[in-house]
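Heads up: the structure comes next, in structure tokens.
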């Protein structure tokens with residue numbers, strides 16, 4: 001379209017309006033794509049509204065999950081996030097539908113899988129919240145270890161918050177129970193060997209500070225590579241503080257330092273599995 005006598009390219013996207021979706025134009029492709037996923041998700045939920053009602057009333061173990069979620073929000077907020085992730089996993093796999101026929105076919109295909117995926121997610125979220133409850137019981141033991149106390153609480157705030165289900169990719173959410181187990185193991189070991197914990201923190205701290213600096217330079221623009229590095233830091237924590245839990249990728253301080261150098265230079269090194 002023309003603006004002030006100049007040709008300008010705009011990018012159309014569906015936008016979630018709660019009980020409907022609208023078509024809007026965005027200045028950049030990335031912002032349009034982000035909005036469009038949310039709009040498309042809402043459109044699928046409107047298409048399959050009967051399934052949404054059923055899942056909302058029949059989510060497995062909903063009351064217990066709601067009680068475990070109380071430190072972060074309400075049972076309704078929890079169920080809304082599980083429902084949204086269920087539809088995302090069933091309906092928003094690439095390539096996204098680009099026309100009515102593809103959209104209808106995707107909805108029909110997803111219909112039979114929604115309950116199974118919702119049950120799977122409910123179990124996973126239950127595992128996460130149960131592990132968090134176990135960590136909460138151990139937190140008072142950290143009071144006499146200020147550095148570890150501050151670090152663990154910062155880690156928990158990053159991993160778990162009011163919208164952690166919606167904001168954590170499913171592939172990452174699967175590993176969160178292990179990260180929480182690692183925190184509990186760290187607290188147990190801290191009592192008998194605080195010097196070792198301090199030594200591990202000495203190795204971890206420069207990487208944490210460098211990651212924080214990278215996040216600040218993003219200025220609100222999410223860089224997937226910096227996000228990937230943040231999850232590798234979680235794996236490094238397991239490797240340092242709870243080696244017995246194992247990691248799915250090879251992580252070490254040196255390897256993360258190399259990845260950090262790549263990030264600073266505008267490239268990234270993929271960790272070995």
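The values are calculated or read from the model by the stated rules, or taken from the named source; none is laboratory data. Note that the structure is predicted; figures quoted are calculated from it, not measured. In this analysis, Cβ positions are derived from the backbone assuming ideal geometry, glycine residues included, and neighbour counts consider all displayed protein chains.
Some notes on this structure:
- Selection count, region 33-46, where residues are closer than 14 Å to residue 103 by Cβ and either touching a residue at least 40 places away in the same chain (Cβ under 8 Å) or in contact with a strand residue (DSSP E or B) (Cβ under 6 Å, 6 or more places away or on another chain) (or both): 9
- Residues of region 16-46 that turn out to be in a helix (DSSP H, G or I) and in contact with a helix residue (DSSP H, G or I) (Cβ under 7 Å, 6 or more places away or on another chain), as a count: 3
- From 143, 137, 181, residue being touching a helix residue (DSSP H, G or I) at 6+ places or on another chain (Cβ under 8 Å) and at pLDDT 95 or above: 181
- In the condition set (1) under 12 Å from the mean Cα position of the chain (by Cα); (2) touching a residue at least 40 places away in the same chain (Cβ under 8 Å); (3) more than 17 Å from residue 70 (Cα to Cα), residue 147 is compliant with all but (1).
- Among the residues making up region 236-268, those that are within 14 Å of residue 208 (Cα to Cα), free of Cβ contacts under 8 Å to residues at least 40 places away in the same chain and within 22 Å of the chain's Cα centre (by Cα) are 236, 259.
- Of the helices (runs of 4 or more DSSP H) lying entirely inside region 47-125, those containing at least 3 residues that are under 21 Å from residue 20 (Cβ atoms) and touching a residue at least 12 places away in the same chain (Cβ under 8 Å) are 49-58, 75-91, 100-111.
- Region 252-273, residues that are modelled with pLDDT of 95 or more and either crowded, with 20+ Cβ neighbours inside 10 Å or in a loop (DSSP other than H, G, I, E, B) (or both): 252, 256
- Only residues that are in a helix (DSSP H, G or I) and within 22 Å of residue 38 (Cα to Cα) were counted in region 131-163, giving 0.
- Residues that are part of a helix (DSSP H, G or I) and in contact with a helix residue (DSSP H, G or I) (Cβ under 6 Å, 6 or more places away or on another chain) were ranked within region 238-251; the one that is farthest from residue 190 (Cα to Cα) is 245.
- Condition met for residue 76 (closer than 19 Å to residue 162 by Cα and surrounded by fewer than 17 Cβ atoms within 10 Å (Cβ to Cβ)): yes
- Within region 209-225, restricting attention to residues that are touching a helix residue (DSSP H, G or I) at 6+ places or on another chain (Cβ under 7 Å) and farther than 14 Å from residue 158 by Cα, the residue that is modelled with the highest pLDDT is 210.
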